[in-house]
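> Okay, here's the structure, questions in a sec.
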Amino acid sequence: MYLKQTIKPVSEQVPLETLKEHLRLPLSYTAEDGMLNIYLNAAAKVAEDRTNRQLLESTWTFKCDRFPEKFVINKTPLIAVDSIKYTDGTGLEQTLNASQYIVNAQAEPFEITPAYGLSWPTTRLQANAVAVTFRAGYISAEEIPSNIIAGMLLIVDDLFKNRGSIVIGRLVSNIPMTAESLFSTERVAVL
């Protein structure tokens, strides 16, 4: 079983202006915009990994060798299941009609089960015989929970101000509300 991102989001989770305000940089300062975008992408990846959420709309494919009793996919919020394809016993690829399965998008992680009275079809015994393609993420950056944004801002702030793995000549202390604490409030449990 594996989950692979096939189409990544292209817009930013946090506007550059917001990052600059958080860092107390003048909005006209553009010399480090490239670095800020690198740090933002790193912070977004950490946020997604820690929360099991997709921040902005992205397409994913979940593959497995056979149909499980039910699919439980750890990537939310779900926008839509685009297709469920499988390799039948003769080796041909088939696509399930959406009427043959039920998607519980309210569950976190989301679930897919056969429709009432139906069962999953038989697949060929081979690796990756079943593929679920779906889109997940918040429709716009404004919908991303504020705790996730705040955690990302803390990470960007740390990367921007501490550009190495060792800080010399400073007393280091943790502030009580770290990015990890903020992310934990939005974490989807992995089943």
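> How large is the helix-only mean residue ellipticity at 222 nm for the chain, computed as the sum of -39500 (n - 2.57) over DSSP H runs with n ≥ 4, divided by its residue count, in deg cm²/dmol to the nearest 500? Please report the intermediate quantities before stating the final value.
Values: 4 runs with 49 residues, N = 191.
Calculated mean residue ellipticity at 222 nm is -8000 deg cm²/dmol.
> Still on this structure: Full-extension gain between ALA141 and GLU180, please, as 0.36 nm times their residue separation minus the C-alpha to C-alpha distance.
12.0 nm
> Restricting attention to the stretch 11-98, which trypsin sites (Lys or Arg not before Pro) occupy a DSSP loop and are surrounded by at most 12 other Cβ atoms within 10 Å?
Those satisfying the criteria are ARG24.
> Compute the Rg to Rh ratio over the stretch 58-136 from the alpha carbon atoms, using the Kirkwood formula for Rh, and round to two decimal places.
Across the stretch 58-136, the Cα-based Rg/Rh ratio is 0.95.
> Relative to a virtual label point 7 Å from the Cα of ASN104 in the Cα→beta-carbon direction, which members of the stretch 111-131 show backbone nitrogen distances below 20 Å?
Residues 111-121 qualify, since their backbone N sits under 20 Å from the label point.
> Continuing with this model, one more query. 7 Å from Cα along Cα→Cβ at both LEU92 and LEU125: what's the point-to-point distance in nm?
2.3 nm
> Less than 12 Å from a label point 7 Å out along the Cα-to-Cβ axis of ASP82: which backbone N atoms in the stretch 1-37 qualify, by residue?
5-9
> How high is the relative contact order of the chain, in percent, counting Cα pairs under 8 Å that sit 6 or more residues apart? All intermediate terms of the calculation are to be shown ahead of the outcome.
Numbers: 319 pairs, mean separation 56.6, N = 191.
Computed over the chain, the figure is 30 percent.
> In nm, to one decimal, how far is the modelled label at ARG66 from the one at PHE160, with both set 7 Å along Cα→Cβ?
Taking the two extended label points, one gets 5.3 nm.
> Let me make sure I get this right: for the chain, a, b and c are the square roots of the gyration tensor eigenvalues over alpha carbons, sorted descending. Under 1.5 in a/c it's rounded, otherwise prolate if a/b > b/c, else oblate. Which is it?
prolate
> For the stretch 58-136, what is the relative contact order in percent, using Cα pairs closer than 8 Å and at least 6 residues apart in sequence?
It comes to 52 percent, rounded to a whole number.
> Keeping to pairs on different chains or 8 or more places apart, tell me how many lysine pairs in the chain have Cα atoms under 17 Å apart.
So the count of such lysine pairs works out to 11.
> Can you grab the distance from the C-alpha centre of the stretch 13-36 to the C-alpha centre of the stretch 111-149, Å, no decimals?
Each part reduced to its Cα centre gives a spacing of 35 Å.
Where a number appears in this text, it was derived from the coordinates with a stated rule and is not lab data. Predicted model only: the values in this text are computed from it and were never measured. Cβ coordinates were reconstructed from backbone atoms using ideal geometry, including for glycine residues, and neighbour counts include every protein chain displayed.
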